[in-house]
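Right, one structure below, let's go through it.
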C-alpha cells in the first residue's frame with residue numbers, strides 16, 4: 001500500500017523551507033550584535049600539542065573560528081565561583097542557544113572540515129570572551145561541550161550545553 005507521507009532524506013531536507021530560511025534567521029540574529037546586545041564572542045578553538053598525546057609538549061592554537069552570528073548565552077548564572085586552596089575557581093554550565101543551523105554537528109563537536117574526529121594530540125573547546133567598549137582585554141573563558149548538540153530545525157538553531165573548564169587562555173590569546 002502506497003503512502004502519501006514524506007520520508008526525510010538528504011533531498012527533502014535540503015529543499016525544505018526550514019533549510020531555506022536559515023540565512024534569514026541568521027541575519028535577524030545578527031541584529032542583536034549590531035545593536036550591542038550581545039557583547040561577547042564565542043569561538044570554536046582547536047589546539048594541538050607538539051607531542052603524540054594531549055599534555056605532552058607545547059600546546060598551540062590550530063584554529064579559532066568565531067560562531068557567527070553571535071549565539072545567545074543563557075543560564076550564565078549556572079557558572080559560580082568556588083573557593084579552593086589556590087584561590088577562586090569558576091564551575092558550572094551555560095546554555096548556548098541560537099547557534100546557526102548552518103553549522104554541522106561535527107563542527108560543533110570539534111571535528112575538522114573533513115569530518116575527522118580529534119587526534120590524540122588535539123583538544124577542542126568553546127571560548128567566550130566579553131568585549132568591553134574601551135577595547136581593553138578581558139578574561140577568555142574555556143568551556144567543553146557537555147553532551148551532544150541539539151538541532152531544533154523549527155527554530156533554525158543548535159543548542160549546546162557547555163561546562164566551565166580551567167586553563168583559560170590569557171586575555172591576549174596565549175595558552
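Read the figures in this text as sums done on the coordinates, not as results from a lab. All of these numbers come straight from a predicted model, not from anything done at the bench. Ideal geometry is used to build each Cβ from the backbone, glycine not excepted, and the neighbour counts take in all protein chains shown.
Pick from 13, 65, 160: which residue has the top mean-square fluctuation in a GNM of the chain where Cα pairs under 10 Å get a spring?
Comparing 13, 65, 160 in the GNM, the peak value goes to 13.
Which of the three applies to region 102-175, rounded, prolate or oblate, going by the alpha-carbon gyration tensor with a ≥ b ≥ c and a/c under 1.5 meaning rounded?
In terms of gyration-tensor shape, oblate.
In whole Å, how far is the Cα centre of region 1-32 from that of region 133-171?
The distance from the Cα centre of region 1-32 to that of region 133-171 comes to 26 Å.
List 159, 42, 148 from most exposed to least, where exposure is judged by having the fewest other Cβ atoms within 10 Å.
Starting with the residue having the fewest Cβ neighbours, the order is 148, 159, 42.
With an 8 Å cut-off on Cα pairs and a minimum separation of 6 or more residues, tell me the relative contact order of region 18-165 in percent.
27 percent
Say we join alpha carbon atoms closer than 10 Å with springs in a Gaussian network model of the chain; which of 149, 52, 71 then has the biggest fluctuation?
52
Along the principal axes of its C-alpha atoms, what lengths does region 59-101 span, in descending order and rounded to whole Å?
41, 30, 11
Compute the acute angle (0 to 90°) between the alpha-carbon long axis of helix 22-34 and the principal axis of greatest extent of the alpha-carbon atoms of the chain; round to the nearest 10°.
Helix 22-34 and the main axis of the chain meet at about 30 degrees.
Need one word for region 136-175: rounded, prolate or oblate. Basis is the Cα gyration tensor (sqrt eigenvalues a ≥ b ≥ c); a/c below 1.5 gives rounded, then a/b vs b/c decides.
Taking the square roots of the gyration eigenvalues as a ≥ b ≥ c, region 136-175 is prolate.
In nm, what is the difference between 0.36 nm times the number of residues separating residue 21 and residue 7 and their Cα-Cα distance?
The residue 21-residue 7 span can extend by a further 3.0 nm.
Specify whether the C-alpha gyration tensor of the chain places it in the rounded, prolate or oblate class, a ≥ b ≥ c being the square roots of the eigenvalues: rounded for a/c under 1.5, otherwise prolate if a/b is larger than b/c and oblate if not.
Prolate, since a/c reaches 1.5 and a/b exceeds b/c.
Compare 12, 34, 74 in a GNM of the chain, Cα atoms joined below 10 Å, and give the one with the largest fluctuation.
12
For region 28-72, compute Rh as the Kirkwood radius over C-alpha pairs and then the Stokes-Einstein diffusion coefficient at 10 °C and 1.306 mPa s; write the answer in µm²/s, rounded to an integer.
128 µm²/s
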